[in-house]
Amino acid sequence: MRIVKRLDLFLLKTFLPLFIMTFGICLFIFLMQFLWKYIDEMVGKGIGMYILAELFFYTALSLVPQALPLAILFASLMTFGNLGEQLELLAMKASGISLMRIMKPLIFFLIFVSISAFFFQNNVIPVSQVKMYTFLNSVKQKSPELEIPESIFYTEIEGKNIYVRKKDKKAKLLKDVMIYDYSEGFNNVRIIVADSGRLKTSIDKKYLVLTLYSGESFVNQKENKRKAQNVKEAVSYQRESFDTMEMLTEFDGNFNMTNEAIFQNRYVGKNIASLRQSIDSMTVRVDSAKRSESIALFAQSYRKTLARFEPDAKTKSDSLAVDKPVMDFDSLYQVQDPNVRASLLSYSKRNIDNLLMNYGYKSSMLSFEEREIRSHHTEMHKKFTLSFACLIFFFIGAPLGAIIRKGGLGAPAVISVFLFVVYYIIENIGYKMARDGIWMPWQGMWLSSSVLLPLGVFLTYKAVNDSVILNAETYLDAIKRFIGRRESRNIKKKDIIMEHPDYEALIVSLQRLNSSCKQYLAGSKRWMHYVNFWKQGGTDQEAERIALEIEAIVNVLENSDQNLVLNKTMDFPIIKSYHLTNFRISPNAGLALATCIPVGGMIYLIAVYRRKLLRQDMKTTMRVCDEMVEIINSKNIKKISANGKV
C-alpha cells in the first residue's frame, strides 16, 4: 500500500512541473499570436504600459480555454514518454502494475482540472472577454500619437493633410510646412504654405494648436464659384499672407474606455444561466415575430375572388353574412382598356416591390436574431466541450507517450502540435456549421470531441495491451515483407552439438543446389507472361522447392563447430517465405482479377519486382555454395566424421 502511494506521489511530482511549464509555453504562444494579430492597432498611439498590461492580462485569461487542452496533451506525452524512454514504465509493469493503475492518480487530478475548467469557463471567461473586447475596442478607437514624419504627408488628423520637409528637434520647429485643409469638402480645399511652425496639444489633449510663421493661405471664393458653375469662367480665389497664424483643430488624444454594456449583452459576456434566459426570450420573440409576419403576409396575398356581403336582415345578422362571388380578378382585368391594364400592372408591380423590400428587411432582421440564438447555443455548449477536451487529450497523450517511448521536447512537441491542429480545424468546422445554421448547435460544437474520443479509446486500449502500433520497426518490417525484402540470418555457435554434419554429403547437396539455381535462372525470366502469372495464382513451385532445399542445408550446417562454416552459412538468403503475391488464389479467380487492369496490373508489377529480387537471391545462393565447397575442401573439414572424430 505504501509503495502504491509513493508511486502516485511520484507520478504527480513528475507530471505537475511539466504541466505548469507546458501550460505557460502554450499560453505565451497564443498570447503572441494575439499580439501579432492586433499589433497594428496598438503601435503609434501612445498607450501606457498599465493599459497594455491590463489588456494582456484579460487576454491571457480569455486564452486559457485554448491553451489548457494543448498543455495537457503536451505534458502527458512528455511524462509517459520520459517514463518509457528511461524504462521506468517497464519496471512498473514488471512489478504487476497495469497502465490504467499507473494513470489513476493523473486521471483523478485531471478530472479535478476539468471541473475547475468548467467553472472557470462559466464564471471567469465571460468577465475577462468583456474586459478584453472593451479594452481592444477602446484601443482601436484611440487617436494615434501625434508624430508627423519628414517629407511624407501625414493623414491621421481628420480633415487635414500635413507635409513637413524638415524638423528641428532641438528648437521643436517644423520647417517648410504645407497643409491641405479639406474639412469643408474636397471642392473647397484650403491650402496653407508656411516657412515654419510649431505644433502642440492643449492641456486636456482634446485640441491641436498649430502656430505657423511667414506663410500664405489660398482658398476659393464660394460665392463666385456658385455664380460660375454654368459659365465658362475661372473661379476666383482669396490669397492671404501672414506673419503668424494659429489653427485650432479637434484631436482627442486621451484614452477613453468604451461602455462595457455593449459586450455584456452579447453572448461572450454571459454565463450558462444568462445564456439560457437570453435563448428563451429571443426564441419567444422570434417565434412571435414569425407568426405575426406570416399572418400579415397571408392577409396581403391574392387568395380569394371579389365578393360582396348580402346579409338577410330577417334571418341573419351582419356577423353571419355570406360571401357571394360576383367577378374574379381575371375577368375584371380582361374587360379593361389597355391603358388601364398597363396602369394596373404598374400599380401591382410597385406594391410587390414594396412588399419585397419590406419583408426582405424583416427577413434579414429575423436572420440576425436567429444567428444570435445560435451563437448563444454554441457558447453554452463550448463551456462543456472544454472540460471534456481536457480528458480526451489526456487519454490520447498518456497512451501515446507510453507507446512511442520518446521523451524530451522533440517528438512530443511535434505530435502535440499536429494533433492540436487537427482538433482546432475540426472544432472550427463544427463551429461554423453550427453558427451558419447548417448543423444543430450541439452537433457542431461536439464534433471535435466525437472525432477524438474514439482515437483516445483506441490508443488507451493499444497501450494497455502493449501494442506496437506506433513502433517504426514494425512498419518497416511490414514494408520489407510487402516488397519482398527478406531478413538476414543470425546463427550462433552451439555449446553442445549432438550430431556433427556429414560434410561429404553436404558437398553433394551444395552442388545439387547450385545446379538447381542455374536451371531456375536459365528457365525463368524476369518479366513473366501476364496471363500465365495469374493462371499460377501467384505461386512459383520451383522457387519454393529450392527454398526448402536451402533451409535443409542450413539446418545441417548450423550443427558445425567451425566458425568459418557458420559465418558463411549466414550468407544464404532467406527465401522460404517467398511468394509472387501476398496471397494465393485459384486460376479462375486469378484470370478474373487479371481483367481488372488497375488492380491486377499493380499486383503484377510488384510480382515482377519480387522476381527480380528472387533472381538475385539465386545468384547469391550459387556463389555461397561454391564458397562453402571451397571452405570444406581447403580446410579438410570433410574428413571429420559425423560423430565429430577424425
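Which pairs in the list Lys462/Lys492; Lys175/Lys206; Lys290/Lys349; Lys270/Lys290; Lys362/Lys432; Lys492/Lys619 are over 30 Å apart, alpha-carbon to alpha-carbon?
Numbers: Lys462/Lys492 35 Å; Lys175/Lys206 25 Å; Lys290/Lys349 25 Å; Lys270/Lys290 26 Å; Lys362/Lys432 24 Å; Lys492/Lys619 25 Å.
Exceeds cut-off: Lys462/Lys492.
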### Task
Collect residues whose amide H, placed 1.01 Å from N in the peptide plane, falls under 5 Å from the amide H of Ser196; neighbours closer than 5 in sequence don't count.
Asp176, Val177, Tyr213
### Task
Place a label point 7 angstrom from the Cα of Phe112 along the Cα-to-Cβ direction, then list the residues of the range 7-22 whose backbone nitrogen is under 12 Å away.
9, 12-13, 16
### Task
Indicate the gyration tensor shape class of the range 321-416 (rounded, prolate or oblate), computed on the Cα atoms with a ≥ b ≥ c the square roots of the eigenvalues: a/c under 1.5 is rounded; otherwise a/b larger than b/c is prolate and the rest oblate.
prolate
#### Entry: Overall form of the range 15-158 per C-alpha gyration tensor (a/c, 1.5; a/b vs b/c)
prolate
### Message
Tell me which of Phe108, Leu63, Phe120 sits at the most positive position along the dipole axis of the range 1-125, charges placed on C-beta atoms (Lys, Arg +1; Asp, Glu -1).
### Response
Phe108
### Message
For the ranges 546-558, 399-411, what's the packing order if you count other beta-carbon atoms within 10 Å of each residue, average per peptide, and put the highest first?
### Response
399-411, 546-558
#### Entry: Packing-based ranking, highest mean first, of 621-631, 342-352, 50-60 given that Cβ atoms within 10 Å are counted
621-631, 50-60, 342-352
### Message
Using a 1.4 Å probe on the protein heavy atoms only, what accessible surface does Ile20 show? Give it in Å² to the nearest 10.
### Response
120
### Query
Which one of Leu31, Met78, Thr14 has its Cα pushed farthest toward the positive end of the charge dipole of the range 1-135, where Lys and Arg give +1 and Asp and Glu give -1 at the Cβ?
Thr14
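Going down the table (Lys5/Lys93; Lys93/Lys494; Lys37/Lys166; Lys93/Lys406), which pairs top 22 Å between alpha carbons? If you can, show how the numbers build up before the last one.
Values: Lys5/Lys93 16 Å; Lys93/Lys494 34 Å; Lys37/Lys166 34 Å; Lys93/Lys406 17 Å.
The pairs that break the limit, which is 22 Å between Cα atoms, are Lys93/Lys494; Lys37/Lys166.
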### Task
Please give, to one decimal in nm, the separation of the simple spin-label points placed at Tyr347 and Glu549, each 7 Å out from Cα toward the Cβ.
10.9
### Message
Restricting everything to alpha-carbon atoms, can you work out Rg to Rh for the range 361-426 with a Kirkwood hydrodynamic radius?
### Response
1.28
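The values are calculated or read from the model by the stated rules, or taken from the named source; none is laboratory data. What you are looking at is a predicted structure, and each value in this text was computed from that prediction instead of being measured. Positions of Cβ are generated from backbone atoms using ideal geometry, with glycine treated the same way; all protein chains shown enter the neighbour counts. Accessible surface is based on the protein model in full, side chains and every heavy atom, while ligands, DNA and RNA are left aside. Shrake-Rupley method; radii C 1.70, N 1.55, O 1.52, S 1.80 Å.
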